[in-house]
Amino acid sequence: MSGFNNRNHAVLLPERLARFGPVEPGAKVKVRIPTEHRSLPFDQAIWPEEAAVLRTVSRHLPNVPKVLATRRGFSVQTFAEGTELAAIWGSKPNVKGGVVEGLASLFAALARIPVDELPKPPAGWPAFGDSTGFIHCLIDYTRTRVEAPAHARYGPLFGALGFPADALRRFSDGLPRDGLTPRPFVLLHADLHPRNLIYNEEDGSLHAIDWELAMVGDPVHDLAIHLCRTEYPNRGERQRFISAWHRAVRAANLPAVADYRRDLPWYVGYQRVRSVYTDVIRSVELLGPAPTGEELDARAAAVCRVLARAWAPVGLPGSPSLGGVRAALRDWAAERSEPGPPLADLRARLRRRLAEARTAFSGYFAGAPAPLPPDGPPASASRMRAR
């Protein structure tokens with residue numbers, strides 16, 4: 001299965017490779033291959049190797065992938081058995097009750113990991129505890145690496161949607177003049193939502209996967225990411241998780257929750273403005289030059305929701321119009337002169353990447369079974385992900 005940053009393939013571990021790790025020969029493992037991006041670098045990855053982070057995290061947390069081997073362009077990690085939490089998130093209230101506490105405990109465990117055991121942050125990273133510098137660092141990255149190129153490439157579309165080219169400057173100008181409250185930096189997963197959590201029904205445990213965006217920073221930022229990328233059915237459930245997060249993280253690292261209620265809206269606001277670029281661009285890249293009315297309606301409704309959430313943080317009057325959004329997407333699709341490569345070509349590229357990875361490990365993978373099909377298992381198969 002694939003995400004935006006990596007594609008994962010499940011294989012059985014050959015005996016020769018089993019010598020280097022805690023996994024028995026024949027056990028299921030995943031080969032993790034970075035995805036070739038056609039789009040903008042939406043996500044700020046401060047560490048070039050996920051494996052380096054996991055080696056530290058796995059010493060402190062039991063339910064994370066363990067790195068068995070790394071080579072240029074891919075890694076081999078342990079496989080988490082279970083069901084993607086997103087598949088059952090809204091369908092099993094009795095499961096969700098235990099999951100909320102378990103998820104809060106995971107955030108607390110991150111707050112306990114000594115940051116001096118982690119790889120060093122890049123040069124220019126905000127000083128430890130400088131929450132104001134941290135949020136400005138996030139904003140600056142998105143302004144230069146995402147917002148500016150997005151308007152250069154998709155300017156007419158964003159103009160038709162009514163979203164200004166200086167949205168992040170407007171948001172930044174609204175931050176508190178006295179800055180955010182300083183909080184100790186901790187390890188952040190930076191993408192902790194139900195699609196990146198595997199639920200084990202046998203023991204109710206949660207396995208956190210996909211650590212390539214991990215960073216050190218203000219723990220309230222990690223909470224905001226979770227809230228913005230997780231669909232809670234109502235405000236009561238959302239608040240229930242916030243309270244659970246507060247209790248768990250407070251017990252683990254008291255200063256980490258200082259004034260969190262005051263600053264959480266700013267991190268949520270940043271995520272909502274940032275999401276306009278990620279969601280709009282990903283939507284139009286998947287939109288063909290002649291979309292059906294049904295497809296156009298679905299994309300327009302999704303984009304309108306994203307715009308509506310970002311409208312107030314940017315300080316825009318009124319609200320976006322669904323009809324206007326639909327017309328903007330329709331016109332953009334009709335005017336595209338250079339559509340992206342066909343889906344079949346993209347799948348062929350991914351198959352070639354996997355073939356290269358298997359060649360690099362040719363000795364270890366001799367006789368190993370073929371990976372899961374590029375589209376994942378058939379509909380009748382288990383819903384377990386190759387995570």
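Can you bin the stretch 30-152 into rounded, prolate or oblate? Criterion: square roots of the alpha carbon gyration tensor eigenvalues sorted a ≥ b ≥ c, rounded for a/c under 1.5, prolate for a/b above b/c, oblate for the rest.
rounded
Before anything else, pin down the relative contact order of the stretch 65-154: Cα pairs under 8 Å, at least 6 apart, normalised by residue count, whole percent.
10
Just grab the label-to-label distance for Glu24 and Glu335, each label 7 Å out from Cα along the Cβ direction, in nm (one decimal).
Here the modelled spin labels are 6.2 nm apart.
Take each of the peptides 287-296, 166-175, average the number of other beta-carbon atoms within 10 Å over its residues, and list them starting from the highest.
166-175, 287-296
Check the straight Cα-Cα distances from Lys28 and name the aspartates and glutamates below 19 Å, setting aside those fewer than 8 residues away within the same chain.
Within the straight-line cut-off, Lys28 pairs with Glu15, Glu81, Glu84, Glu201, Glu202, Asp210, Asp375.
Using a Förster distance of 25 angstrom, determine the FRET efficiency expected from the C-beta separation of Lys120 and Arg72, and round it to 0.05.
0.70
Please give me the summed charge of the neighbours of Gly293: other residues whose Cβ is under 15 Å from its Cβ, Lys and Arg +1, Asp and Glu -1.
In short, -1.
Within 9 Å, Cβ to Cβ, of Val306, how many net charges do the neighbouring residues add up to if Lys/Arg are +1 and Asp/Glu are -1?
Once all neighbours under 9 Å are counted, the net charge is +2.
As I understand it, the dipole of the stretch 60-204 uses +1 on the Cβ of Lys and Arg and -1 on the Cβ of Asp and Glu, about the Cα centre. Which of Pro121, Gly204, Leu110 lies farthest toward its positive end?
After comparing all options, I get Pro121.
Between Ser319 and Ser283, what FRET efficiency follows from the Cβ-Cβ distance if R0 is 22 Å, with the result rounded to 0.05?
That pair, Ser319 with Ser283, gives E of 0.70.
Quick one: length gained pulling Arg177 to Ala152 fully straight, 0.36 nm per residue minus the C-alpha distance?
5.9 nm is the gain from fully extending Arg177 to Ala152.
So if I take the centroid of the Cα atoms in the stretch 234-260 and the same for the stretch 169-207, what is the distance between those two points in Å?
Their Cα centres are 11 Å away from one another.
When a/c is below 1.5 the answer is rounded, else prolate if a/b is larger than b/c, else oblate, so apply that to the stretch 128-200 with a ≥ b ≥ c taken from the square roots of the Cα gyration tensor eigenvalues.
Here the stretch 128-200 falls in the oblate category.
Net charge near Gly217: determine it from the other residues with C-beta under 10 Å of the C-beta of Gly217, scoring Lys and Arg +1 and Asp and Glu -1.
Local charge sum for Gly217: -2.
Using Cβ counts within 10 Å as a stand-in for footprinting exposure, how do Glu117, Glu24 rank, fewest first?
Going from sparsest to densest Cβ surroundings: Glu24, Glu117.
FRET efficiency for Arg59 and Thr144, Cβ-Cβ distance as r, R0 = 45 Å, nearest 0.05?
Efficiency for this residue pair is about 0.80.
Modelling each spin label as a point 7 Å along the Cα-to-Cβ direction, I'd like the Ala301/Glu81 distance in nm, to one decimal.
For the pair Ala301/Glu81, the computed spacing is 3.9 nm.
Bear in mind these aren't lab numbers, they're just calculated from the coordinates by the rules spelled out. Given the structure is predicted, the values throughout are model-derived calculations rather than measurements. Virtual Cβ from ideal backbone geometry, glycine too; neighbours counted across all protein chains shown.
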